[in-house]
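All remarks here apply to the structure that follows.
The values are calculated or read from the model by the stated rules, or taken from the named source; none is laboratory data. Small disclaimer: the values here were computed from a predicted structure and weren't measured. Note that each Cβ is placed from the backbone with ideal geometry, even for glycine, and that neighbours are counted across all protein chains shown. Surface accessibility is based on the protein's heavy atoms, side chains included, excluding ligands, DNA and RNA. Shrake-Rupley method; radii C 1.70, N 1.55, O 1.52, S 1.80 Å.
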Amino acid sequence: MATIIQAKHSKGTVNAGEERLLKFLEVNLPDDYFIVPNVEFANVTPHGQVQYLEYDCIVLTPHSLYNIENKDWS
């Protein structure tokens, strides 16, 4: 079972779809995987403006890093 790590300034899951995704990943991924939901990174553009990039789910594994964009469409 994977480990969920909450980012320091994260507000938790935004909707029910993200909650389902986290539960699915937590149960189905191996023990040495880490899941980081709802992370924002500051990015400075070439014009000096700061924009915040939001990632729904980042999965850290021993061999790679995955970004999962969650869409809860019916």
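Here are a few things to note about the model shown:
- Filtering region 7-52 to residues that are part of a loop (DSSP other than H, G, I, E, B), under 16 Å from residue 70 (Cβ atoms) and not hydrophobic (A, V, I, L, M, F, W, C) leaves 10, 11, 12, 13, 15.
- Residue in region 35-62 that is surrounded by the most Cβ atoms within 10 Å (Cβ to Cβ), counting only those that are under 12 Å from the mean Cα position of the chain (by Cα) and of a type outside the set (A, V, I, L, M): 37
- Residue 12 passes every criterion in (1) at pLDDT below 90; (2) open to solvent by 80 Å² or more (accessible area, probe 1.4 Å); (3) not polar (S, T, N, Q) apart from (2).
- Selection of region 33-74 for residues being farther than 24 Å from residue 16 by Cβ and acidic (Asp, Glu) yields an empty set.
- Filter pass, residue 2 being buried (at least 16 other Cβ atoms within 10 Å of the Cβ), of a type in the set (A, V, I, L, M, F, W, C) and either farther than 24 Å from residue 73 by Cβ or touching a Ser or Thr at 6+ places or on another chain (Cβ under 7 Å) (or both): yes
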